Amino acid sequence: MTPPIDFTGRRALVTGGASGIGEITAKLLVDLGAKVVLADLNADALPGACKRTGANAFTVGDVAVEDAAERIVADAATAIGGIDLVFNSAGIGDDLVPLHEQSIERWRRVFDVSLLGTLLISRAAGKLMIEQGRGAIVNVSSIVGLDAFPGRSAYGVAKAGIAHLTKTLACEWGEHGIRVNAIAPAYTKTPMVKDLVDRKVFDPTLIERRTPLGRMAETEEMARAAAFLLSDWASYITGVVLPVDGGWSSYGAAGDVAKIRHK
Ligand SMILES: NC(=O)c1ccc[n+]([C@@H]2O[C@H](COP(=O)([O-])OP(=O)(O)OC[C@H]3O[C@@H](n4cnc5c(N)ncnc54)[C@H](O)[C@@H]3O)[C@@H](O)[C@H]2O)c1
């Protein structure tokens, strides 16, 4: 019988760890025995998140800048003696405008934080993992990276890129004992989404009607999927982009699920 998930002795770096999915996943990894370093661009939020999660340390930096990403990985490895696990959660939302109204500067920033940031952190950590002959990385794609959402070209292209990068790295690094997977969340009740709901950019009623499970996701539901993929329970799983979406990406009919449910 396989014992319950236990990260005792494992050393984890969580980017975007000062908020939302990153923070809650970091807390779960700590609860399951891992040593954890949080990395984030938001220097003000990091000390509080470190306290709430029980992480061992934090480091401030921009994952989208090559030198900073290399330094984040080096800081984390120094703080906890190496890196076995990476959860790449740093990301920003986009402008929700069609491409002809989109600022290219902003497009590039959304793309860089998500895709280039994931690539740079994975590259730096991957070098350490190759030396030690083992490791696991979980990236964060999105339902917006699996299908097209109007007004979300920067975010969607970046998240589709993350899905593809995940598969590519899984194929490149499998021989080194490194697994690379991704989760593809649907709408999750994090500060990023709550802000969009408050500003009436997202309508939670419409989202719930379109979702077979009839609700938005709790942040813990993303953390549990990420922890599973990082753990030895997923020892033969690599190159997978796992929708954690209440059935969103399976639903293809006209209309919405709620109408069928309550006809
Ligand atoms: N919340 C959702 O519904 C949802 C759905 C699908 C995918 N995602 C993805 O999940 C991840 C986490 O999102 P969240 O909802 O928890 O958002 P969040 O805003 O709560 O957390 C994101 C964190 O990333 C940090 N960050 C932003 N830019 C950074 C940079 N350049 N370098 C380092 N850190 C940076 C922020 O400071 C923040 O602490 C993101 O990649 C997001 O795209 C979220």
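The values are calculated or read from the model by the stated rules, or taken from the named source; none is laboratory data. Remember, it's a predicted structure, so these values are computed and weren't measured experimentally. Cβ sites come from the backbone with ideal geometry, for glycine too, and all protein chains shown count toward neighbours. The area values use the complete protein model at the heavy-atom level, side chains included, leaving out ligands, DNA and RNA. Shrake-Rupley method; radii C 1.70, N 1.55, O 1.52, S 1.80 Å.
Quick notes on this one:
- Residue, farthest from ASP6 (Cα to Cα), within segment 243-263, restricted to residues that are among the aliphatic types (A, V, I, L, M) and open to solvent by 60 Å² or more (accessible area, probe 1.4 Å): ALA254
- Test for ASP67: is it farther than 22 Å from ILE178 by Cα and part of a helix (DSSP H, G or I): yes
- Residue in segment 227-245 that is over 25 Å from GLU23 (Cα atoms) and in contact with a helix residue (DSSP H, G or I) (Cβ under 7 Å, 6 or more places away or on another chain) present: no
- Condition met for GLY17 (open to solvent by less than 50 Å² (accessible area, probe 1.4 Å), within 13 Å of the ligand (Cβ to nearest atom), within 15 Å of ILE83 (Cβ to Cβ) and not in a strand (DSSP E or B)): yes
- In segment 21-30, of all residues being open to solvent by less than 10 Å² (accessible area, probe 1.4 Å) and within 13 Å of the chain's Cα centre (by Cα), the one that is farthest from the ligand (Cβ to nearest atom) corresponds to ALA26.
- Matching entry among GLY91, GLY48, GLY82, GLY33 (being within 15 Å of the ligand (Cβ to nearest atom) and either assigned to a loop (DSSP other than H, G, I, E, B) or under 17 Å from the mean Cα position of the chain (by Cα) (or both)): GLY91
- Elements of type helices (runs of 4 or more DSSP H) contained in segment 132-216, each with 2 or more residues being buried (at least 20 other Cβ atoms within 10 Å of the Cβ) and small (Gly, Ala, Ser): 153-173
- Enumeration of residues in segment 217-238 that are touching a residue at least 40 places away in the same chain (Cβ under 8 Å), open to solvent by 20 Å² or more (accessible area, probe 1.4 Å) and not in a helix (DSSP H, G or I): SER235, ILE237, THR238
- Residue list for segment 186-199, filter: within 6 Å of the ligand (Cβ to nearest atom) and either modelled with pLDDT of 95 or more or under 19 Å from LEU115 (Cα atoms) (or both): TYR187, THR188, MET192
- Checklist (1) surrounded by fewer than 20 Cβ atoms within 10 Å (Cβ to Cβ); (2) over 13 Å from ALA90 (Cα atoms) applied to ASP112, failing item: (2)
- Contact annotation: residue pairs with Cβ atoms under 6 Å, 6 or more positions apart or on different chains, pairing a residue in segment 132-145 that is away from the ligand (no atom under 16 Å from the Cβ) with a partner that is assigned to a strand (DSSP E or B), are GLY135/ILE178; ALA136/LEU85; ALA136/ARG179.
- Within segment 98-109, being more than 12 Å from the ligand (Cβ to nearest atom) and open to solvent by 30 Å² or more (accessible area, probe 1.4 Å) holds for PRO98, LEU99, HIS100, GLU101, SER103, ILE104, GLU105, ARG106, TRP107, ARG108.
- Matching residues in segment 159-185 - criterion: being within 11 Å of the ligand (Cβ to nearest atom) and touching a strand residue (DSSP E or B) at 6+ places or on another chain (Cβ under 6 Å): ILE162, ALA182, ILE183, ALA184, PRO185
- Verdict on LEU41 being within 18 Å of ASN139 (Cα to Cα), in contact (Cβ under 8 Å) with a residue 24 or more places away in the chain and away from the ligand (no atom under 13 Å from the Cβ): no
- Filtered residues of segment 54-70 (kept if away from the ligand (no atom under 12 Å from the Cβ) and of a type outside the set (Asp, Glu)): GLY54, ALA55, ASN56, ALA57
- For the residues ASP84, ASP6, ASP75, ASP95, the requirement of being touching a strand residue (DSSP E or B) at 6+ places or on another chain (Cβ under 9 Å), open to solvent by 20 Å² or more (accessible area, probe 1.4 Å) and touching a residue at least 24 places away in the same chain (Cβ under 8 Å) singles out ASP75.
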